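Visitor: Got a structure for you, questions after.
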Amino acid sequence: MDHNHRRRRLYNTHVKLLAFDLLSLSQTPSHSSSDPISFSRKGALLSRAETVGTVTSRDLKPSKFLKFTIDDGTGCVGCVLWLNHLDSPYFARRSPPDVRLIAEAANRFASEIRLGVVARVRGRITSYRGTVQITVSDVVVERDPNAETLHCLECMNLARNCYDASGL
Amino acid sequence: MASSAIKSGTLVSLQDIYPSSPFFKQGASLRVTGKLQEYSVETAVAIVIDGNANLKINTQHLRDLSFRVGSFYQFIGELLIQPDNEAILQARVGRNVDGIDLNLYHQSLQLLRQFQADHLSTT
């Protein structure tokens with residue numbers, strides 16, 4: 001596997017990271033404004049992540065966004081779920097039925113995010129005011145009391161056996 | 001973003017909370033898990049136990065949580081150390097965790113602490 005392929009092997013997959021690990025990622029400098037944002041972890045480029053934890057804060061601006069915090073015991077990850085699909089120029093180019101489906105899903109996710117629930121959140125790794133955060137694409141509320149423990153074990157296992165590996 | 005105002009609740013066992021412990025700090029944000037031994041509706045104080053350790057939890061700010069003696073709960077909040085050196089956790093979130101595998105939880109907590117220590121030493 002050549003160097004560039006090795007660097008991008010984790011790109012576009014939702015890497016399972018503990019909060020302290022996710023928050024310590026460094027944003028790679030982009031060479032032009034059209035380069036997608038990416039982050040680097042031990043030489044590998046990342047763009048998406050999955051985190052599981054307890055919702056400890058919630059700030060809703062209806063039809064704009066829901067900002068919330070996921071605490072997994074190792075750190076707090078800021079998450080933003082956009083709710084402005086219907087009047088965003090970004091979505092104006094897409095077909096209205098598709099946008100409506102995306103907007104409905106986002107609103108469903110927003111109603112499930114309540115203080116104290118455990119949620120599995122996936123999305124793009126982004127940065128806001130110098131802090132790593134997740135721009136949410138989907139949410140699953142985890143009712144199994146062992147879900148966080150299992151996610152923690154998965155993160156450690158994947159880090160040791162997959163993410164940290166430099167020579168693949 | 002206000003996330004810097006919300007502190008992460010450090011994962012601890014009830015056995016980790018005693019006066020000379022590094023976790024025994026005024027205002028420390030902790031996450032604790034234990035079985036409900038006692039609950040007072042008047043004071044909203046719960047006592048949770050794990051093995052031979054116990055901790056008082058102030059649950060007055062929690063909503064939508066029903067307390068059943070014998071059930072397992074997890075709380076995230078700040079430690080208030082009173083003048084007599086007794087600690088009570090001021091919970092900001094809590095949930096029923098009946099069905100939790102506490103043995104697995106404790107084991108993975110030990111692994112996690114090692115993992116975080118290893119990560120710090122290599123970055």
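Visitor: For segment A:78-167, please list each of the helices (runs of 4 or more DSSP H) lying entirely inside it that holds at least 2 residues being more than 10 Å from chain B (Cβ to nearest Cβ) and touching a helix residue (DSSP H, G or I) at 6+ places or on another chain (Cβ under 6 Å).
Guide: It comes to A:96-112.
Visitor: From (1) surrounded by 20 or more Cβ atoms within 10 Å (Cβ to Cβ); (2) modelled with pLDDT of 95 or more; (3) of a type in the set (D, E, K, R), pick out the condition that doesn't hold for A:Arg48.
Guide: Single failed check for A:Arg48: (1).
Visitor: Out of all the residues in segment A:51-90, which are of a type in the set (Gly, Ala, Ser) and at pLDDT below 95? Spell out the reasoning first.
Guide: Just the residues of segment A:51-90 that are of a type in the set (Gly, Ala, Ser), to begin with: A:53, A:57, A:63, A:73, A:75, A:78, A:88.
Of everything in segment A:51-90, those that are of a type in the set (Gly, Ala, Ser) and at pLDDT below 95 turn out to be A:Ser63, A:Ser88.
Visitor: Right, here's the next one. Hey, among A:Ala147, A:Ala110, A:Ala159, A:Ala92, which residue is more than 30 Å from B:Asp101 (Cβ to Cβ) and crowded, with 17+ Cβ neighbours inside 10 Å?
Guide: Numbers: A:Ala147 fails: more than 30 Å from B:Asp101 (Cβ to Cβ); A:Ala159 fails: more than 30 Å from B:Asp101 (Cβ to Cβ); A:Ala92 fails: crowded, with 17+ Cβ neighbours inside 10 Å.
Answer to the selection: A:Ala110.
Visitor: Sticking with this structure for a sec: Among the numbered conditions (1) under 18 Å from B:Gly9 (Cα atoms); (2) in contact with a Phe, Trp or Tyr (Cβ under 8 Å, 6 or more places away or on another chain), tell me where B:Leu111 comes up short.
Guide: Only one criterion is unmet by B:Leu111, namely (2).
Visitor: Moving to a separate point now. If A:Lys67 satisfies all but one of (1) free of Cβ contacts under 8 Å to residues at least 40 places away in the same chain; (2) more than 8 Å from every other protein chain (Cβ to nearest Cβ), what's the number of the condition it fails?
Guide: Status for A:Lys67: all satisfied but (2).
Visitor: In addition: Which numbered condition in (1) in contact with a strand residue (DSSP E or B) (Cβ under 7 Å, 6 or more places away or on another chain); (2) surrounded by fewer than 12 Cβ atoms within 10 Å (Cβ to Cβ) is the only one that B:Asn96 fails?
Guide: Going through the list (1) in contact with a strand residue (DSSP E or B) (Cβ under 7 Å, 6 or more places away or on another chain); (2) surrounded by fewer than 12 Cβ atoms within 10 Å (Cβ to Cβ), B:Asn96 breaks only (2).
Visitor: Please enumerate the residues belonging to segment B:65-123 that are in a loop (DSSP other than H, G, I, E, B) and more than 9 Å from chain A (Cβ to nearest Cβ).
Guide: B:Ser66, B:Phe67, B:Arg68, B:Val69, B:Gly70, B:Ser71, B:Gln82, B:Pro83, B:Asp84, B:Asn85, B:Glu86
The values are calculated or read from the model by the stated rules, or taken from the named source; none is laboratory data. All values derive from a computational prediction rather than experimental measurement. Don't worry about glycine lacking a Cβ; one is built from the backbone with ideal geometry, like all the others, and counts go over all protein chains shown.
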